[in-house]
Amino acid sequence: MKYILCTVFLLLLTSSIAQTSSKEIDSLLHISKTANDSTRLRIYNKAAFFYIFNDSDKAKDYLKNAIKESIDKNYSFSQAELTNTYGIYFDVSGQQDSAKYYFENALKISKLHNFQGITAMITNNLGMFNWNKGDYQEALKYFFSAIELNDNAPEVNQNKGAVYLNNIGLIYQEMGQFDKALNYHRKSLEIREKEKMFNEIPASLNNIAINLKEKGDYLEAEKVAKEAIQKAKIANSMQYYFSSLNTLANIYIKQGKYHQAIPLQKQIIIGRDSLNVDRTASLAPIASILESYNYSNKPSEALPYIEKGKDLIKEFPDLRNDLVGFYASAAQVFYRLQNNKEGDNYLKLSLAIKDSIFSSENAKSLATLETKYNVAQQQRDLAETRANLAETELEVERKNKFIYGTLAFGLVLGLLGYLFYNQQKLKNNQLRREAELKEALAKIETQNKLQEQRLRISRDLHDNIGAQLTFVTSSVDNLKYGLTDKDDKVSDKLTSISAFTTQTIYELRDTIWAMNKEKISIEDLQARISNFIDKAGVADTKVKFIFQVADNISNEFMLPSIKGMNVYRIIQEGVNNALKYAEAQSIIVSLSEKDNQFELSILDDGKGFDLKNTEMGNGLNNIKKRSRDLGGTVYFNSNNKGTKITLTFPMD
């Protein structure tokens, strides 16, 4: 699932400069003519930031001249600030190498002179830069560092705090923890509304809408997305305007309202191109419009947008976040057009990018980083609680001095009683929060241990049992070569043993594949089944195989690994039976959904068998047993025109 909001314009949220109107910029530039050097450089920085999105050539001129002046006059703070803005200019322009160079230079200058506020801001920008490239591990390091720098600064900057809360929310979005993500986004929105950060409020609203959509609360999500669009219009923020439109389109897609989604997606793509606004973010709506045309059963109309997506990837080769969704949607287009070769090519590209981003090594690093952050957050929360208690006590002392001379002794006693109760309440809250944090840390540790145990068992299966089976197969094959022509029966027996051992190895690999996953998506299952069918096709090239997944089943729907493995084994058994006994010319495997039930069917056009007079063999009995394990029901229908196996089981 791609819940990616880390587009380059989020870098803007980390800047201490807000977007303003053209008149305000002209007014500031007029003031700069009589201002002192440091003030003038701050004005140039603000003007350059504004022109990045309105006149990029003018922005570059302002930045180059201002940076030179800051170096000549030895204004280190201005140099760090301007260099950081220059990095934003290159990032928005899609020049990734230059952006990284200037961000890192700005960070060196800021750290050298101990500018804590701007150091936190640049650190966050580097996090966003790496997130845009799909390097989540490196991005999280910068995010956590930015939070710590801001929290430890002499005067905590609430505006920047809102940005860092927003980014942590985005991280939890990526991890699929939508309740946590909503919590952080709402905290960020609260600060932005309190501080009247009108340009950033649409971003928080948009993020909240995305998480509500993923939780299935479509009515509330649509309401919040429309509010984000309206407030982005008022703030004249086209970046957030297009992002919020994209969110609204995705909400319509989730509800199957493709006729409402497609016009919004076209508006986004055309608008970004015509205004040259954050065009690197256009790949996501392109992927969405492919999805809409797929579900609307109009795949041919999606072809021009596949070409547009390919052109965008050539123009911006560092794009990674949205490649998985784009390639997967393009694969579906070609499958629907019966162009399986192109469909397979795009599906392989999607899976390759997905594996490179979400490797097990990255997943382990993310878990470690999150654990470190939770520990640091616990310490900060405890320190904050103690500080609040100290402030409360000081405030009480000041009030008592005032009240002693004016109020009766009884009122003073009552107030002291209230204060004691309030302190006890704060202490109880502190203890409760400590317990919750300890519980969260224990849960994370348990999950990590379970994953390590799962990986260890799968390694043991592969390295020990797999190696032994391979040795058996090799030994049996060697024995066959040593037999004479008179040993036909022994040779046939050895051939049978070798084939059985080889099949066992394949089944062991399938089991290891399932063990390595807590859950299996429909997309993973489809890829595995396609691989199996390809192998079966090699064994019997005369048989035509077709695998179909209904439009109303999302590729991102997840099955527990045991359920996914049972479904795979049933398909494998059904196809093998059709190959061995049915003398079929075609085999069709299809997966659909109705009334919260999955329906799997395996249909062949072979000679069939007599259900009443045929004894159920191991294969059919295995299918029955696995259907019971799934909590479902299986039906066999066979005649001289073919056989159909139908399995229904609950989605939950």
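Side notes on the structure shown:
- Close pairs (8 angstrom Cβ cut-off, 6 or more residues apart or separate chains): closer than 15 Å to ASP534 by Cα in segment 577-590, outside any loop (DSSP other than H, G, I, E, B) and modelled with pLDDT under 80 anywhere: LEU579/ALA536; LEU579/ALA539; VAL589/ILE529; VAL589/ILE533
- Residue list for segment 577-617, restricted to those being assigned to a strand (DSSP E or B) and closer than 9 Å to THR643 by Cβ: ILE602, LEU603, ASP604
- Against the numbered list (1) among the polar types (S, T, N, Q); (2) in contact with a helix residue (DSSP H, G or I) (Cβ under 9 Å, 6 or more places away or on another chain); (3) surrounded by fewer than 23 Cβ atoms within 10 Å (Cβ to Cβ), ASN211 comes up short only at (3).
- Looking at segment 256-362, the helices (runs of 4 or more DSSP H) lying wholly inside it that each contain 3 or more residues that are surrounded by fewer than 16 Cβ atoms within 10 Å (Cβ to Cβ) sit at 258-275, 303-315, 340-357.
- Selection of segment 559-606 for residues being among the polar types (S, T, N, Q), farther than 14 Å from ARG626 by Cα and at pLDDT below 85 yields ASN576, ASN577, ASN596.
- Residue in segment 44-52 that is surrounded by fewer than 23 Cβ atoms within 10 Å (Cβ to Cβ), in contact (Cβ under 8 Å) with a residue 40 or more places away in the chain and not in a loop (DSSP other than H, G, I, E, B) present: no
- Residue in segment 97-109 that is surrounded by fewer than 23 Cβ atoms within 10 Å (Cβ to Cβ) and modelled with pLDDT under 85 present: no
Every residue, every condition in (1) aliphatic (A, V, I, L, M); (2) over 30 Å from ILE313 (Cα atoms); (3) in contact (Cβ under 8 Å) with a residue 12 or more places away in the chain, yes or no:
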residue: PHE90; (1), (2), (3): no, no, yes
residue: GLN96; (1), (2), (3): no, no, yes
residue: LEU107; (1), (2), (3): yes, no, yes
residue: ASN125; (1), (2), (3): no, no, yes
residue: ASN130; (1), (2), (3): no, no, yes
residue: ILE147; (1), (2), (3): yes, yes, yes
residue: ASP151; (1), (2), (3): no, yes, yes
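- Residue in segment 154-167 that is within 20 Å of ASP322 (Cβ to Cβ) and either assigned to a helix (DSSP H, G or I) or touching a strand residue (DSSP E or B) at 6+ places or on another chain (Cβ under 7 Å) (or both) present: yes
- Apart from one condition, LEU140 fits all of (1) within 19 Å of VAL163 (Cβ to Cβ); (2) of a type outside the set (Ser, Thr, Tyr); (3) not in a helix (DSSP H, G or I); the exception is (3).
The values are calculated or read from the model by the stated rules, or taken from the named source; none is laboratory data. None of the values given here were measured: they were computed from a predicted structure. All Cβ positions, glycine included, derive from the backbone under ideal geometry; neighbour counts span all protein chains shown.
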